[in-house]
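Note sheet for the following structure.
The values are calculated or read from the model by the stated rules, or taken from the named source; none is laboratory data. Remember, predicted model here, so these are calculated numbers, not experimental data. Cβ placement follows ideal geometry from the backbone for every residue including glycine, while neighbour counts extend to all protein chains displayed.
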Amino acid sequence: MKIWSSLAVLFVIVLAGCAEGAKMVQESEDGGVVSYPFKGEQGSMLSSFRQGALALMKEKCGGPYTIVREGETKGRSRVAGSVEGAQEIVQERRWGIQFQCK
């Protein structure tokens, strides 16, 4: 039983590593735009990647920033599943935050 729980934990870690987290998609001298994935039922505010996006903005500005606007942005589609014939297309939703340094 212990081996199955260890394998389950390893599987979750591998899947989390495959997900693309928060990233800077546009940058200017005094701000930019970051985006991160979220699940529809969870919502963008509760996404575990939101903290990463906020950290990117703080790092870019070296401190305080102002969120100019935010909303859903273009996501992506990817094929999931490693077994031939058991693959499915997964739609990834992304949230974008435009910010300006103070």
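Pairing each residue of region 83-102 that is touching a residue at least 24 places away in the same chain (Cβ under 8 Å) with any residue that is in a loop (DSSP other than H, G, I, E, B) and surrounded by 14 or more Cβ atoms within 10 Å (Cβ to Cβ), provided the two are 6+ apart or on different chains, yields C-beta distances under 8 Å for TRP95/SER44; TRP95/SER47. So in region 31-59, with the set limited to residues that are loosely packed, with under 14 Cβ neighbours inside 10 Å and among the small types (Gly, Ala, Ser), which one is modelled with the lowest pLDDT? Within region 31-59, the match that is modelled with the lowest pLDDT is GLY40. Residues in region 89-102 that are modelled with pLDDT of 80 or more and either β-branched (Val, Ile, Thr) or more than 12 Å from VAL34 (Cα to Cα) (or both): 5 in all.
With respect to VAL68, determine if the residue is surrounded by 15 or more Cβ atoms within 10 Å (Cβ to Cβ) and either among the aromatic types (Phe, Trp, Tyr) or out of contact with any Ser or Thr (no Cβ under 6 Å at 6 or more places or on another chain) (or both). Answer is no for this residue. Within region 75-102, the residues that satisfy the criterion of being in contact with a strand residue (DSSP E or B) (Cβ under 7 Å, 6 or more places away or on another chain), exposed (fewer than 10 other Cβ atoms within 10 Å of the Cβ) and either of a type outside the set (S, T, N, Q) or not in a strand (DSSP E or B) (or both) are VAL79, GLU88, ILE89. Checked against (1) touching a Ser or Thr at 6+ places or on another chain (Cβ under 9 Å); (2) β-branched (Val, Ile, Thr); (3) over 18 Å from SER28 (Cβ atoms), THR73 passes all but a single condition, namely (3). Within region 19-59, being over 8 Å from the mean Cα position of the chain (by Cα), without any contact (Cβ under 8 Å) to a residue 60 or more places away in the chain and closer than 22 Å to VAL90 by Cα holds for LYS39, GLY40, GLU41, GLN42, GLY43, SER44, MET45, LEU46.
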